[in-house]
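Undergrad: Pasting a structure below so you can have a look.
Computed from the coordinates by the stated procedures, all read-outs in this text should not be read as laboratory data. Here the structure is a predicted model, which is why all the values come from computation and not from measurement. As a convention, Cβ positions derive from the backbone with ideal geometry for all residues, glycine included, and neighbour counts pool all protein chains shown.
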Amino acid sequence: MAFLRFPFIALCVILTLPLILNAKTLKRDVKALNEIKASLGWRVVYAWVGDDPCGDGDLPAWSGVTCSTQGDYRVVTELEVYAVSIVGPFPTAVTNLLDLTRLDLHNNKLTGPIPPQIGRLKRLKILNLRWNKLQDSIPPEIGELKSLTHLYLSFNNFKGEIPRELANLPELRYLYLHENRFTGRIPPELGTLQNLRHLDVGNNHLVGTIRELIRIEGCFPALRNLYLNNNYFTGGIPTQIANLTNLEILYLSYNKMSGIIPFGVAHIPKLTYLYLDHNQFSGRIPDALYKLPFLKEMYIEGNAFRPGVRPIGVHQVLEVSDTDFLV
């Protein structure tokens with residue numbers, strides 16, 4: 001699996017322009033950050049000195065807080081507070097920071113649901129809440145974040161169905177939902193996302209078929225990586241999979257899929273990693289698949305293939321560098 005890796009709290013913004021030095025921080029943001037400060041506990045508070053999160057006089061901006069100038073005021077545009085063992089519910093006051101473009105609270109111990117007020121953050125581009133203990137369903141209001149490009153909700157305790165409102169996020173590129181308790185089917189409407197490059201729903205309790213997922217004509221035009229592993233998907237691999245011409249990783253391990261491998265798989269020109277292991281596939285693998293120019297790994301154990309079918313490469317955990325996710 002591919003995961004983001006960030007250093008400990010990102011530090012203060014560099015204040016270089018006299019305009020920023022003279023500007024006042026918007027009272028709305030000052031109030032919101034002080035409410036968050038009161039709710040997060042001592043692990044963060046010790047680094048947040050003064051009343052103004054954007055800095056005041058000789059005091060720097062609070063660690064993990066980035067501000068910018070809009071007219072005569074400074075506003076908070078980024079909040080990154082992670083890996084500091086924050087315990088408690090999601091701080092609802094965050095949703096009053098209406099100019100946020102990045103919110104990163106990953107690798108803490110946040111509990112409870114994401115509040116529906118999250119839909120107020122219309123400028124948010126990156127939302128990273130992975131590695132917490134968040135619960136309940138994803139609020140449909142998350143579909144109101146029209147600027148969102150990166151959504152990381154993996155390694156939590158979310159349940160219920162994946163909301164089809166996620167298909168309302170036209171800029172979404174990376175969607176990480178793995179290691180939760182989602183049930184039901186993946187909304188095929190996600191296929192209408194023109195910019196979606198990475199979809200990871202592995203390690204959940206999802207059902208359905210790939211045919212249902214890619215039934216919309218022209219679906220997933222930019223998709224590079226599709227992780228469906230460790231769920232309860234059934235059926236076979238449809239020949240229409242060849243329409244996903246940008247696909248590089250197809251991860252189907254540990255499901256209940258069956259049937260033969262269609263020749264269409266060999267028509268995915270950029271396919272690099274193909275994981276079919278621990279399903280109920282049978283028959284032979286098309287010879288053309290072994291001739292794909294970029295195919296590095298094909299893992300096939302735990303199936304009912306005919307004798308002579310052979311894997312390619314050595315199975316390994318896939319990792320992608322941080323920079324690949326931030327473009």
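Undergrad: Using each residue's phi in the range 159-166, evaluate 6.51 cos²θ - 1.76 cosθ + 1.60 at θ = phi - 60° and report the 3J(HN,Hα) Karplus result to the nearest Hz, with x for Gly and Pro.
TA: Calculated HN-Hα couplings, in order: 9, x, 8, 5, x, 5, 5, 4 Hz.
Undergrad: May I pose another question? I'd like the FRET efficiency for ASN246 and SER85, computed as 1/(1 + (r/R0)^6) with the beta carbon distance as r and R0 of 35 Å, rounded to 0.05.
TA: The formula returns an efficiency of 0.35 here.
Undergrad: So for the chain: antiparallel DSSP bridges make up what percent, rounded to the nearest 5?
TA: 15
Undergrad: Within the range 90-118, what residues put their amide N at less than 17 Å from the label point 7 Å along the Cα-to-Cβ vector of ASN195?
TA: The answer is 100-103, whose backbone nitrogens lie closer than 17 Å to the label point.
Undergrad: Could you list THR77, THR111 in order of exposure, starting from the residue whose Cβ has the fewest other Cβ atoms within 10 Å?
TA: In order of increasing Cβ crowding within 10 Å: THR111, THR77.
Undergrad: Between ASN34 and SER147, how high is the FRET efficiency from 1/(1 + (r/R0)^6) when r is the Cβ-Cβ distance and R₀ = 45 Å? Nearest 0.05.
TA: Between ASN34 and SER147 the formula returns 0.95.
Undergrad: Using the alpha-carbon atoms, what tilt in degrees (0 to 90, nearest 10) does helix 27-40 show relative to the longest principal axis of the chain?
TA: Approximately 70 degrees, to the nearest ten.
Undergrad: To the nearest 500 deg cm²/dmol, what mean residue ellipticity at 222 nm is calculated for the chain from DSSP H runs of n ≥ 4 alone, each contributing -39,500 (n - 2.57), summed and divided by the residues?
TA: So the calculated ellipticity at 222 nm is -2000 deg cm²/dmol.
Undergrad: Applying 1/(1 + (r/R0)^6) with R0 = 22 Å to the Cβ-Cβ distance of SER258 and ARG310, what FRET efficiency is obtained, to the nearest 0.05?
TA: My answer for the efficiency is 0.60.
Undergrad: Relative to the present Cα-Cα distance, how much length would full extension add between LYS109 and ASP58 at 0.36 nm per residue of separation?
TA: Between LYS109 and ASP58, full extension yields an extra 15.1 nm.
Undergrad: Could you compute how fast the chain diffuses translationally, taking Rh as the Kirkwood radius over C-alpha pairs and applying Stokes-Einstein at 37 °C with viscosity 0.692 mPa s? Give it in µm² per second.
TA: D = 154 µm²/s.
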